[in-house]
Structures are given as C-alpha cells and as structure tokens.
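Notes follow once the structure below has been shown.
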Amino acid sequence: MRAEFPDFRLGTVLATGFTATLTERQGEPVERIPVPQRLVDWLAVVGLAVDSCTPAQLDLARELRESVHAAATAAATGAPLPASAVHVLNDRSTAGRAAAVLTPEGERHWHLASASVEDALSVIAADAIGILSGERDGKLALCASPTCRAAFFDTSQSRTRKWCDMNTCGNRQKKARFHAKQRNGPASAE
C-alpha cells in the first residue's frame, strides 16, 4: 500500500515552484518530495519527465532546491547571494544537457538529452539564474505567512504580492484574521 503524499504546490515559475517542494519552512516543514519517485512525479508535472531517480539524485535535487531558496531569499531581502548557493546553481546548470525547443504554437519547451534528473535540474538551475540575474520581469519576494516564508517571483503589476499562494497561505491568513475578529467581536463585550 502506497503512502499518501502531500499535494504539489506548483506556482507559475519553475525555479520558485521547485522550492515549494518543501513548505512551511518556518513552522512544521512539509517535504513534498520525500522519496525519489515523488521527484520523478513532480518533474513530469512541470514538463521535465525523467526515466527514474536514485536516492543520490534526490539528494542533488534537494541541494539545488535549498540553494535556489537561499539565493532567492537573499535577493528578496537585498542581502548578498550566498557563495555556496551560487556554486550549486552554476554546477547544476552546467551538469545537464537540456535544450530549449520552440513548439509550433510558439511556446518554449525543454528537451532533456538523456531524460535524466541531472538534465532536469539543469533546467531548474538555469531558470533560477535567469530570475536572480534580473533577466525576467518581476521581483523576488518572501511569503508574508510567518510559518511559510517561501520565496516567490512576483510578476503582479504593482509588485506588491504578499503570499506565495493565495489559495494556501493567503487564505490561511485571511481565515485567521476573520476568526480573530469573530472572537473579539460584540460577543466578547458581554
């Protein structure tokens, strides 16, 4: 019997969506890729299908995820990028053999030369490098949820988004405010 795993939080940006495979970083962390097969599943969902994943490749993926998160957090707060994170991003980016291909519909897709985890990680690392280097229109921010603090790429017009995901962290915070108002409302004056 296969254990149930938490749902993926995908987002719209590959690199920061990848960091969301570990959520609630400041509370009780939720690991969304606890076993190699879950990484295979996540990569397939985001269009980077691979044949298989070993425990060592899962370790490489988690190291990349944490490096992307550390670099994105530093960029969002105006701190210098951690040298160790930059090193991992560069290593993962150059380790794979992936190429961007154009579909007849005019969309970019990725072709993984060997359908290996290393190829897929190179795409994620390249996406993170593009964001961190300022090549993409948007800004890195941190989720306002005190238990989440996920890095996300804000492409809203005003660049003032507060939550990594309105359907999770945003709703949780709105519910908390609503319930606090209910507790402190007219009934508490009696």
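Give the ranking of L64, L102 by solvent-accessible surface, highest area first, calculated with a 1.4 Å probe.
Heavy-atom accessible area, descending, gives L102, L64.
If r is the Cβ-Cβ distance from T54 to A95 and R0 is 22 Å, what FRET efficiency results, to the nearest 0.05?
The value I calculate is 0.90.
How many percent of DSSP beta bridges within the stretch 52-190 run antiparallel, rounded to 5?
100
In angstroms, what radius of gyration and Dmax does the chain have, counting Cα atoms only?
Cα radius of gyration and Dmax of the chain are 18.5, 70 Å respectively.
Using a simple spin-label model with points 7 Å from Cα along the Cα→Cβ vector, what separation in nm is obtained for K162 and E31?
Calculated label separation equals 3.3 nm.
Principal axes first, then extents: for the Cα atoms of the stretch 1-84, list largest minus smallest coordinate on each axis, whole Å, largest first.
If we take the Cα atoms of the stretch 1-84, the spans are 45, 27, 24 Å.
How long is the gain from R136 to H87 if the chain were fully straight, where each residue apart is worth 0.36 nm and the alpha carbon distance is subtracted?
15.5 nm
Pull out the extension gain between D41 and T147, defined as 0.36 nm times the separation in residues minus the alpha carbon to alpha carbon distance; nm, one decimal.
Length gained between D41 and T147: 35.6 nm.
Taking the 0 to 90 degree range and rounding to the nearest ten, how far is the long axis of helix 36-45 tilted relative to the main principal axis of the chain, both from C-alpha atoms?
Relative to the chain, helix 36-45 is tipped by roughly 90 degrees.
Test of the criteria: in the stretch 51-148, which GluC sites (Glu not before Pro) are in a DSSP loop and have at most 16 other Cβ atoms within 10 angstrom of their Cβ?
Within the stretch 51-148, the qualifying GluC sites (Glu not before Pro) (loop, at most 16 other Cβ atoms within 10 Å) are E105, E107, E135.
Evaluate the charge dipole of the chain about its Cα centre and quote only its size in Debye, nearest 20, assuming +1 on the Cβ of each Lys and Arg and -1 on the Cβ of each Asp and Glu.
Charge dipole, the chain, about its Cα centre: 920 debye, nearest 20.
For the chain, which whole-number percentage of the solvent-accessible area (1.4 Å probe, protein heavy atoms only) is attributable to carbon and sulfur atoms?
Ligands and nucleic acids excluded, carbon and sulfur reach 53 percent.
Any chance you could run the full-extension gain for H109 through K175? It's 0.36 nm times the residue separation minus the Cα-Cα distance, nm to one decimal.
Here the answer is 19.9 nm.
Quick check: the angle from helix 171-183's long axis to the longest principal axis of the chain, C-alpha only, nearest 10 degrees?
10
No other cysteine beta carbon under 4.7 Å away is the test; run it over the chain and list who passes.
C53, C169, each lacking another Cys Cβ under 4.7 Å.
Rounded to the nearest 10 degrees, what's the angle between the helix 117-132 long axis and the longest principal axis of the chain, both from Cα atoms, 0 to 90?
Once rounded, one gets 60 degrees.
Can you tell which of A72, G27, C53 lies farthest toward the positive end of the dipole of the chain, using +1 and -1 charges on the Cβ of basic and acidic side chains (Lys, Arg; Asp, Glu)?
Result: G27.
The values are calculated or read from the model by the stated rules, or taken from the named source; none is laboratory data. Since the structure is predicted, the reported quantities are computational estimates derived from the model, not experimental observations. All Cβ positions, glycine included, derive from the backbone under ideal geometry; neighbour counts span all protein chains shown. Keep in mind that these areas ignore ligands, DNA and RNA; they rest on the heavy atoms of the full protein, side chains included. Shrake-Rupley method; radii C 1.70, N 1.55, O 1.52, S 1.80 Å.
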